[in-house]
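What follows is a short report on a single structure.
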Amino acid sequence: MLEKGRFQTIRKRGEKILDRLSLEQKLDKGLIRKLLFEESLKGDAGLSPEAKEKIFNRALNRYFLLHKIGEKGNNTCLEAIHGQLANEGEIWNILSTQKEWKDLRREDVFRKARELQEKIIANGYPTKRVGPIIKELKQAHRNDKLALAILNLKIIFEDHTASLTQDVAEENEASYLVARKHRRILDPNREPNSRKMKTKERLEFGHGLHLAEYLFLQKVFKKTLDQEQVGEVEKPFLHISLHGKSDRPGDVGDIIIGNALRDGKMPCHPQIANWFAEELNKRIKESDIKKKDGEYCQAAVAIEGQRWCGHIVHCHRRYGLGDFKGIPLGENYQYIQMEMSPFFRQDYYVQLKNILAEILREFTRKFSDKKSLAIFLQENLTEVDENRLEGKLYYQDGLQETEEVKEGKIALGASLRRAFPGKLKTGDLVYVYNAGSEDSENRLILQVVSAKAKNRSEEEKIGVRRPAINPAIGQKLQQGNRKIIIEKKVN
């Protein structure tokens with residue numbers, strides 16, 4: 001139970017917030033919740049530790065369906081943040097905010113959502129993948145606008161990630177978290193101050209969830225690592241976030257470890273990302289896990305510009321940047337976002353569970369203290385890693401060349417521009433040079449332009465996956481040494 005009068009205190013804070021909002025803002029429950037969170041953060045500063053603990057536990061249960069702190073000595077944690085099917089209440093909350101559904105009745109949504117959920121279960125979920133089941137139901141209900149809207153929300157879901165998180169963690173005595181809310185309500189993979197989506201905004205900001213997760217990790221560090229101080233983790237710590245991905249031509253692997261450079265930082269050391277992928281591949285072969293074409297399932301690391309390369313939120317959380325100012329987790333904290341193909345999650349669930357459990361145990365054995373991690377990082381540092389850790393782009397086999405990019409320019413897609421410290425804008429300048437000639441007069445200064453798409457084909461996009469330059473610039477750069485470095489020019 002919370003202390004007496006707590007709800008009255010929150011109500012009074014909410015009333016004060018409403019007094020200063022416009023009529024339109026008063027309809028935005030997500031904005032009100034964000035402002036109330038910020039107000040309560042200041043207002044609760046003087047509460048007793050016991051009162052703060054009760055508030056934390058309430059927040060943890062609000063944002064996470066499942067959570068558990070691991071056993072002493074275990075320096076690993078798993079999470080599933082997109083593992084929940086949208087429920088009736090969430091579907092109603094989402095649709096009721098949209099103009100096209102302004103006349104929608106709550107009871108109609110609940111009735112239709114329950115009816116469709118029963119059909120999903122009757123068709124084999126959760127044993128079978130939910131995606132194919134929903135596609136069949138969409139065809140069967142193609143003339144039912146409400147049913148299609150509900151199914152389109154249901155399909156935004158990553159099969160087996162929640163159960164896999166719990167199964168691996170329980171077997172390994174690791175810590176774990178399973179998010180409660182649907183990703184269209186609140187997405188932990190976005191910064192706390194952002195609700196941005198391609199077409200519509202999410203309903204909630206992530207401030208409360210991210211702070212609850214930070215405080216949860218502090219408890220994990222205290223119990224499992226005997227850490228007395230709140231703040232950056234003092235020993236190596238592996239945090240794996242399990243995700244599901246679709247398959248497209250050009251993906252670097254069937255299992256992808258996102259390790260993009262964002263704002264000059266990475267969510268884990270590149271050496272750890274590579275080690276994790278190598279451990280996966282070794283065990284995949286030992287378990288004889290193959291695709292339909294007979295080839296072994298392949299794990300690989302995606303870097304900036306590649307699909308599934310990861311989000312800036314995890315870099316900011318690690319270093320206390322952006323919305324995470326003042327609460328960094330530090331460089332001992334290694335965050336792995338693991339994207340898995342649908343067939344791998346379903347057809348090889350048991351093998352995947354065993355493989356992940358083995359890798360977690362290997363991490364605990366191999367990286368028991370800061371010294372063991374430091375030695376590994378130094379011994380496995382490559383030229384590519386070294387440059388990326390300095391916030392530079394590095395390409396071992398040259399850049400894309402096309403007449404579509406004018407001389408003196410370099411085309412960089414949004415993912416590549418976000419890699420640099422402070423993010424690049426079109427019109428900014430970069431140094432472009434061959435590896436080994438950093439201090440040479442041969443360094444070129446090029447102006448950044450947006451990436452271009454000749455058509456919708458992924459292969460035809462200029463500067464999206466790899467920087468693009470004019471062939472005349474290419475001749476100056478790429479004769480002999482094709483190792484190219486791109487560095488932000490600081491005014």
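Of the residues 419, 435, which single one is at pLDDT 80 or above, crowded, with 18+ Cβ neighbours inside 10 Å and not assigned by TED's automatic domain parsing to the domain that holds residue 262? The match here is 419.
Applying the condition of being of a type outside the set (Phe, Trp, Tyr) and out of contact with any strand residue (DSSP E or B) (no Cβ under 7 Å at 6 or more places or on another chain) to segment 155-171 and asking which residue is surrounded by the most Cβ atoms within 10 Å (Cβ to Cβ) yields 160. Please work out if residue 408 is farther than 30 Å from residue 71 by Cα, at pLDDT below 90 and surrounded by fewer than 19 Cβ atoms within 10 Å (Cβ to Cβ). Answer is no for this residue.
For segment 286-294, the criterion of a residue being part of a loop (DSSP other than H, G, I, E, B) and among the aliphatic types (A, V, I, L, M) is satisfied by at least one position.
Looking at segment 307-320, is at least one residue in contact with a helix residue (DSSP H, G or I) (Cβ under 8 Å, 6 or more places away or on another chain) and not in a helix (DSSP H, G or I)? Yes. Pairing each residue of segment 333-355 that is touching a residue at least 24 places away in the same chain (Cβ under 8 Å) with any residue that is in a helix (DSSP H, G or I) and among the small types (Gly, Ala, Ser), provided the two are 6+ apart or on different chains, yields C-beta distances under 8 Å for 336/273; 342/131.
Return the residues of segment 123-149 that are touching a residue at least 60 places away in the same chain (Cβ under 8 Å) and either assigned to a helix (DSSP H, G or I) or touching a Pro at 6+ places or on another chain (Cβ under 8 Å) (or both); say none if nothing qualifies.
Residues satisfying the conditions are 129, 131.
Could you tell me whether segment 202-218 includes any residue that is in contact with a strand residue (DSSP E or B) (Cβ under 8 Å, 6 or more places away or on another chain), on the phi < 0 side of the Ramachandran plot and either hydroxyl-bearing (Ser, Thr, Tyr) or free of Cβ contacts under 8 Å to residues at least 60 places away in the same chain (or both)? Scanning segment 202-218 turns up no residue that is in contact with a strand residue (DSSP E or B) (Cβ under 8 Å, 6 or more places away or on another chain), on the phi < 0 side of the Ramachandran plot and either hydroxyl-bearing (Ser, Thr, Tyr) or free of Cβ contacts under 8 Å to residues at least 60 places away in the same chain (or both).
Identify all residues within segment 356-368 that are surrounded by 13 or more Cβ atoms within 10 Å (Cβ to Cβ) and at pLDDT 95 or above; write none if there are none. Correct list: 356, 357, 358, 359, 360, 361, 362, 363, 364, 366, 367. So residue 163 ticks every box in (1) under 16 Å from residue 84 (Cα atoms); (2) in a loop (DSSP other than H, G, I, E, B); (3) hydroxyl-bearing (Ser, Thr, Tyr) but one. Which box is left unticked? Just one mismatch for residue 163, condition (2).
Does residue 184 meet the test of being closer than 27 Å to residue 319 by Cα, in a loop (DSSP other than H, G, I, E, B) and either not assigned by TED's automatic domain parsing to the domain that holds residue 364 or not small (Gly, Ala, Ser) (or both)? Here the answer is yes, as residue 184 does meet what is asked.
Screening residue 249 with (1) touching a residue at least 12 places away in the same chain (Cβ under 8 Å); (2) surrounded by fewer than 19 Cβ atoms within 10 Å (Cβ to Cβ); (3) under 17 Å from the mean Cα position of the chain (by Cα) gives one miss only, at (3). Residue-level check: of (1) over 16 Å from residue 241 (Cα atoms); (2) in a loop (DSSP other than H, G, I, E, B); (3) outside the structural domain of residue 125 (by TED's automatic domain parsing), residue 190 misses just (1). One residue is enough: does segment 40-56 have a residue meeting the conditions surrounded by fewer than 18 Cβ atoms within 10 Å (Cβ to Cβ), within 30 Å of residue 345 (Cα to Cα) and basic (Lys, Arg)? No, because not a single residue in segment 40-56 is surrounded by fewer than 18 Cβ atoms within 10 Å (Cβ to Cβ), within 30 Å of residue 345 (Cα to Cα) and basic (Lys, Arg). With respect to residue 392, determine if the residue is basic (Lys, Arg) and at pLDDT below 95. No; evaluated as a whole, the condition is false for this residue. Filtering segment 219-244 down to residues that are free of Cβ contacts under 8 Å to residues at least 60 places away in the same chain and within 30 Å of residue 352 (Cα to Cα), which residue is surrounded by the fewest Cβ atoms within 10 Å (Cβ to Cβ)? Looking at residues that are free of Cβ contacts under 8 Å to residues at least 60 places away in the same chain and within 30 Å of residue 352 (Cα to Cα), I get 222.
Considering segment 325-434, the qualifying helices (runs of 4 or more DSSP H), each wholly inside and each with 1 or more residues that are in contact with a Gly (Cβ under 8 Å, 6 or more places away or on another chain), run over 342-347, 349-366, 414-417. Filtering segment 332-352 to residues that are at pLDDT 95 or above and surrounded by 18 or more Cβ atoms within 10 Å (Cβ to Cβ) leaves 332, 333, 334, 335, 336, 337, 338, 339, 340, 352.
Yes or no, residue by residue, for (1) among the β-branched types (Val, Ile, Thr); (2) assigned by TED's automatic domain parsing to the domain that holds residue 120; (3) in contact (Cβ under 8 Å) with a residue 12 or more places away in the chain; (4) not in a helix (DSSP H, G or I):
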residue	(1), (2), (3), (4)
11	no, no, no, no
22	no, no, no, yes
33	no, no, yes, no
38	no, no, yes, no
52	no, no, no, no
62	no, no, yes, no
72	no, no, yes, yes
82	no, no, yes, yes
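The values are calculated or read from the model by the stated rules, or taken from the named source; none is laboratory data. This one's a predicted model, so the numbers in the text were calculated from it and none came from an experiment. Methodologically, a virtual Cβ is constructed for each residue, glycine included, from the backbone with ideal geometry; neighbour enumeration extends over all protein chains shown.
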